[in-house]
Amino acid sequence: MLVAAAVCPCPPVLVPEVAQGAASELDGLRAACREALRAVAAARPGLLLVVAPAGPGEEGHYPGGSRGSLRGFGVDVDAVLAPVRQDGGDPPGGTAGAGEATGRALPPALTVAAWLLRHASWDAAPVEGLAVGETLEPERCAATGRELAGRAPRVALLAMGDGSACRSARAPGAYDARAAGFDAAAARALAAADTAALAATDPALATALHAAGRPVWQVLAGAASGAGLDGRLLYDDAPYGVGYFVARWT
């Protein structure tokens, strides 16, 4: 049963080493992510499942201890999908190289999630990851969410995903007049924990607007259907022309 969820964006620039001189511009976003995770921890889940978008060949389950790297973004940053140990030692998986737990490295979005959990001092529950393809159909997303919610008596989700990438002329996807309305609808649904609205998100429009969070949000909607969670939006902005949202559902 789903008892709580956090929604966070997954851009590599969330990691200060990637953002470099512009790191302070996203301090408020990082703080909102930490607040959302604190709320999830307070729900005392027995398992945290991290759901994030992935490219072809990266989809699937990543068990606790799976590792990833952001070296492809020019920084020497590694992360492991595991709780922080109270004794200060290495998390499960030791100091082995990226991807040892599964034979493959975490996709970038799951690596960002692993970094975020580490720097939020997550130690409330074991962690596993699921990378979903950006073209996953809404019905499959809903079914996946229901399956995840049944994984343990008290399940929490960390849903990693960005909104549209077309909010300005300098945005990665270039400007599209539909982007602001798409993001506004997503923000309203996340603020209200409106699973029906998220489930109804148009995948074709999301693809056109490069909104990688669409399948992740629809997995969340499937997991939370009937759970009776209340939502609160903690962050809603597009500092680089990309919609970033942070919400907590408890």
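The values are calculated or read from the model by the stated rules, or taken from the named source; none is laboratory data. None of the values given here were measured: they were computed from a predicted structure. Glycine also receives a Cβ, built like all others from the backbone with ideal geometry; neighbour counts cover every protein chain displayed. For the accessible areas, the whole protein counts, side chains as well, though only heavy atoms, and no ligand, DNA or RNA atoms are used. Shrake-Rupley method; radii C 1.70, N 1.55, O 1.52, S 1.80 Å.
The residues of the range 99-110 that are of a type outside the set (K, R) and either free of Cβ contacts under 8 Å to residues at least 60 places away in the same chain or surrounded by fewer than 20 Cβ atoms within 10 Å (Cβ to Cβ) (or both), listed by number, are G99, E100, A101, T102, G103, A105, L106, P107. Taken together, the residues in the range 50-71 that are of a type outside the set (F, W, Y), touching a residue at least 60 places away in the same chain (Cβ under 8 Å), open to solvent by less than 10 Å² (accessible area, probe 1.4 Å) and in contact with a Leu (Cβ under 7 Å, 6 or more places away or on another chain) amount to 4. Every condition in (1) open to solvent by 40 Å² or more (accessible area, probe 1.4 Å); (2) modelled with pLDDT of 95 or more holds for G74 except the one numbered (2).
Pull up the range 77-120, narrow it to residues that are under 21 Å from A31 (Cβ atoms) and part of a loop (DSSP other than H, G, I, E, B), then point me to the one that is modelled with the lowest pLDDT. Residue satisfying both the conditions and the ranking: V84.
Of the candidates D176, D162, the single residue that is part of a loop (DSSP other than H, G, I, E, B), over 18 Å from P215 (Cβ atoms), at pLDDT 95 or above and not hydroxyl-bearing (S, T, Y) is D176. Can L190 be described as in contact with a Leu (Cβ under 8 Å, 6 or more places away or on another chain) and closer than 20 Å to C10 by Cα? When the stated conditions are applied, L190 passes them. Based on this model, can you work out whether A23 counts as out of contact with any Leu (no Cβ under 9 Å at 6 or more places or on another chain), more than 23 Å from L136 (Cα to Cα), among the aliphatic types (A, V, I, L, M) and not in a loop (DSSP other than H, G, I, E, B)? It is true that A23 is out of contact with any Leu (no Cβ under 9 Å at 6 or more places or on another chain), more than 23 Å from L136 (Cα to Cα), among the aliphatic types (A, V, I, L, M) and not in a loop (DSSP other than H, G, I, E, B). Per the conditions (1) touching a strand residue (DSSP E or B) at 6+ places or on another chain (Cβ under 9 Å); (2) of a type in the set (D, E); (3) farther than 20 Å from A156 by Cβ, the sole criterion not satisfied by E35 is (3).
Filtering the range 185-209 to residues that are assigned to a loop (DSSP other than H, G, I, E, B) and surrounded by 21 or more Cβ atoms within 10 Å (Cβ to Cβ) leaves A193, T201, L209. Of all residue pairs spaced 6 or more apart or on separate chains, those with beta-carbon atoms under 6 Å, a first member in the range 8-19 that is at pLDDT below 95 and a second member that is open to solvent by 30 Å² or more (accessible area, probe 1.4 Å) and β-branched (V, I, T) are A19/V13.
Within the range 121-148, the set of residues being assigned to a helix (DSSP H, G or I), within 16 Å of the chain's Cα centre (by Cα) and either more than 20 Å from G57 (Cα to Cα) or among the basic types (K, R) (or both) comprises G145, L148.
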